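Read through the structure below, which is laid out as structure tokens, and then see the notes.
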Amino acid sequence: MQTPDRKDFPIPRVGATRRLNRMSEKRGDLEWVAARIADPHSRFLLFADLSLAVESGEDRNDTSIRWYAADELATLGADPATALLLGCGEDGHAIFAISLTAAQAAAAPGGYDGLKPVVDLRSLAQQGALSPDELSLAGMARALAAWHVTQRCCGRCGAKTNIREAGWRRRCWACGQEHFPRMDPAVIVLVTDGKHCLLGHHRRYAHKFYSTLAGFVEPGEGIEDCVRREMFEETGIRIGEVAYMATQPWPFPHSLMVGCWAEALSRDVILDEEELWDARWFSRDEVRQMMAEEHPECLTVPGSHSIAYALIRSFLEAR
Ligand SMILES: [Zn+2]
């Protein structure tokens, strides 16, 4: 199988923070964290029920994260002890996330409405509304915040868990079990016979939207095993060689998408109809039309914020 050169592979940025010093060695330093939370130079981004508070013009073209200062936290009903340390920016100042429930947000000046606009991050990603750096930072924050929402109780004994390590751990007060932020590895796969690629129309997707196929890695599986199992289960296609291309953190809620190319050994599609409406082979000419939104059947592909787009584009560009 001929795969694209790794250095030419376009890597999408959602959730992958490269310009942030994560300060992982300082997370357990309570004094340092408390001083950063109180520091007037520190910045806080805010979620209300996991939607991001933004500053935005009417057409969303100039949307950016709405930053709050430490002295605004109390008036927002935000408990500084729940601040999640994302790290320090290039200016050396700390960046935190605060995740409020709608009930807590009601304590903000003007109530919940006083925080608006709050926008679903997936919509912002699809619209390309935030800069890549801000989208990545907000994606990291959302994945961490979403984990806290579902980890309030201990999975071992059922008692309450408390935040530790500036948001990077939770500990059960009763049995002492430590819980770490969850990431769910999944494969996302460009299946090709050399001249065509296999794209699917998932039951979750909007009308006429085709994408690379994906599935979660199970216990006991490596990446290659998972690619072969998932592609066979969903489409009946037998896979030969598998090549890793790139990884994308995908904060909906907290997956790690492992992008691969896979060599098809067979061509007859047998659909898993519970998962997919359709899966079919597309030539490069057709894929080019889909990307340009000029396909005769009005079929489209995912937006440029996704690793699916990067995989499909790499198929077009591969010689
Ligand atoms: Zn416990």
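Only the coordinates and a few stated rules stand behind these numbers; no lab work does. Please read all numbers here as calculations on a predicted model, not as lab measurements. Note that we place each Cβ from the backbone using ideal geometry, even for glycine, and neighbour counts take in every protein chain shown.
Before moving on, here are some points about what is shown:
- In nm, spacing of pseudo-spin labels at residue 184 and residue 127 (7 Å Cα→C-beta vector): 2.6
- Calculated FRET efficiency for the pair residue 39/residue 150, C-beta based, R₀ 22 Å, to 0.05: 0.15
- Alpha carbon centroid spacing (whole Å) that separates the range 148-165 from the range 209-253: 31
- With a simple spin-label model that places each label point 7 Å from the Cα along the Cα-to-Cβ direction, the separation between residue 232 and residue 31 comes to 5.9 nm.
- Ranked packing of 303-314, 264-275, most packed first, by mean Cβ within 10 Å: 303-314, 264-275
- Antiparallel bridges, percent of DSSP beta bridges restricted to the chain (to nearest 5): 70
- Karplus-derived 3J(HN,Hα), 6.51/-1.76/1.60, for each residue of the range 120-136, Hz, glycine and proline x: 4, 5, 5, 5, 4, 5, 5, 7, x, 6, 9, 5, x, 5, 5, 5, 5
- Each listed q (0.09, 0.11, 0.12, 0.13 Å⁻¹) maps to a log10 I(q)/I(0) for the chain, found by the Debye formula over equal Cα scatterers with no solvent: -0.54, -0.78, -0.90, -1.01.
- Acute angle (nearest 10 degrees) that the helix 307-317 long axis makes with the longest principal axis of the chain, alpha-carbon atoms: 40
- Within-13-Å neighbourhood charge of residue 297 [Cβ basis; K, R +1; D, E -1]: -2
- If you take the Cα centroid of the range 79-105 and the Cα centroid of the range 22-63, the two points sit 4 Å apart.
- Under 5 Å from the amide H of residue 169 lie the amide H atoms of 164, each residue being 5 or more positions distant or on a separate chain, with H modelled from the backbone and absent for Pro and chain starts.
- Positive-pole candidate from 109, 74, 145, dipole of the range 24-150, charges at beta carbon: 145
- Less than 5 angstrom separates the built amide H of residue 100 from those of 47, 48, 49, 50, all sequence-distant by 5 or more or on a different chain.
- Within the range 24-150, percent of DSSP bridges classed antiparallel, to nearest 5: 65
- A crude spin-label estimate for the pair residue 69 and residue 204, with each label 7 Å from Cα along the Cβ direction, gives 4.1 nm.
- For the range 183-317, share of DSSP beta bridges that run antiparallel, in % to the nearest 5: 70
- Computed helical MRE - 222 nm, the chain, DSSP H runs ≥ 4 contributing -39500 (n - 2.57), nearest 500: -6500 deg cm²/dmol
- Environment charge of residue 222, counting only residues whose C-beta is closer than 13 Å and scoring Lys/Arg +1, Asp/Glu -1: -3
- Of the trypsin sites (Lys or Arg not before Pro) found in the range 145-189, those in coil by DSSP whose Cβ has at most 16 other Cβ atoms within 10 Å are 152, 156, 182.
- Amide H contacts of residue 153 (H built 1.01 Å from N, under 5 Å, at least 5 apart or other chain): 161
- Remark: the range 171-181, residue by residue, has Karplus-estimated 3J(HN,Hα) of 10, 6, 5, 8, 10, x, 4, 9, 10, 10, x Hz, where x stands for each Gly or Pro and the curve is 6.51 cos²θ - 1.76 cosθ + 1.60 at θ = phi - 60°.
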